[in-house]
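Reviewing the structure listed below.
The values are calculated or read from the model by the stated rules, or taken from the named source; none is laboratory data. Not measured: the values here are computed from a predicted model. All Cβ positions, even for glycine, are placed from backbone atoms using ideal geometry, and neighbour counts span all protein chains on display.
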Amino acid sequence: MGIIDKFYIIIKDFLFPKRDEGNLRLFGMSGAMDALERPRIFKTLPITYSIFPYRNQAIKKLISATKYEDDMKTAEILAKAVSNHLGKSFLWSKFIGKNTPLNFIPIPLSESRLKERGFNQCERIIRLVELFSRENFWKEDFKIHTDILERVNFSGAQAKQKVSGRKENVKGVFKAKVTQPAPNDFYILFDDVTTTGSTLHEAAIELIRAGISENRIFALTVAA
């Protein structure tokens, strides 16, 4: 059984527990992912926009396979869903505005974690989002920066920390380098999952220290 077939079954079991697979084929993978969307805006620093609920088992398994199993197919499924959402969502267009230059900054891994894993899942997903978006609706002003923010300390996986200790766990782990912030651009931190928001908050603080205005920094996550 192929990976796409496996995730059809995962999503089918969640969406159509008492129906046959014909309903899912009618929806297609894109339609099934659309049905799982629960976009939310968290009024934190940075203000964060999230598309899917992480408590959903289908979403959790897609993210896990992308992150820990180096699975390009699941990365493509997530990226396509994110791209489709950004292209059609009224909430997103209201959140970020129209025709605004977007600078996406994938949350970086530490050097040791990157060597161990071989890739950064956040960078992989957002680059696929850019690819799908340019094909469909975004023709320009979609930039990805991997040189603005770096992770200078490895603090251990956030998922293994107690909720109460996550903020302390990421203190001082990022360093930002911004030569000349564009005054009219948005800088959007991108992460696969946020729970307490501690990682995104610490990254945003570092961007502010580097000279980017607080009201130009936002965050986008696949799930929360």
- Message: Being at pLDDT below 95, farther than 17 Å from ASN84 by Cα and assigned to a strand (DSSP E or B) is the filter here; which residues of segment 103-147 pass it?
- Response: ASN103, LYS143
- What are the residues in segment 93-141 that are basic (Lys, Arg), surrounded by fewer than 19 Cβ atoms within 10 Å (Cβ to Cβ) and touching a residue at least 12 places away in the same chain (Cβ under 8 Å), if any? ARG113, ARG117, ARG127
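Does ALA81 qualify as being surrounded by 15 or more Cβ atoms within 10 Å (Cβ to Cβ) and more than 14 Å from the chain's Cα centre (by Cα)?
The answer is no for ALA81.
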- ILE51 passes all but one of (1) assigned to a loop (DSSP other than H, G, I, E, B); (2) modelled with pLDDT of 95 or more; which number fails? (1)
- Message: Against the condition at pLDDT below 95, out of contact with any strand residue (DSSP E or B) (no Cβ under 9 Å at 6 or more places or on another chain) and exposed (fewer than 15 other Cβ atoms within 10 Å of the Cβ), how does ALA35 come out, does it pass?
- Response: yes
- Report, ordered by the first and then the second residue, all pairs with beta carbons closer than 7 Å, sequence separation of six or more or different chains, a first member in segment 182-196 that is of a type in the set (Ser, Thr, Tyr), and a second member that is modelled with pLDDT under 95 and part of a strand (DSSP E or B). TYR187/ASN103
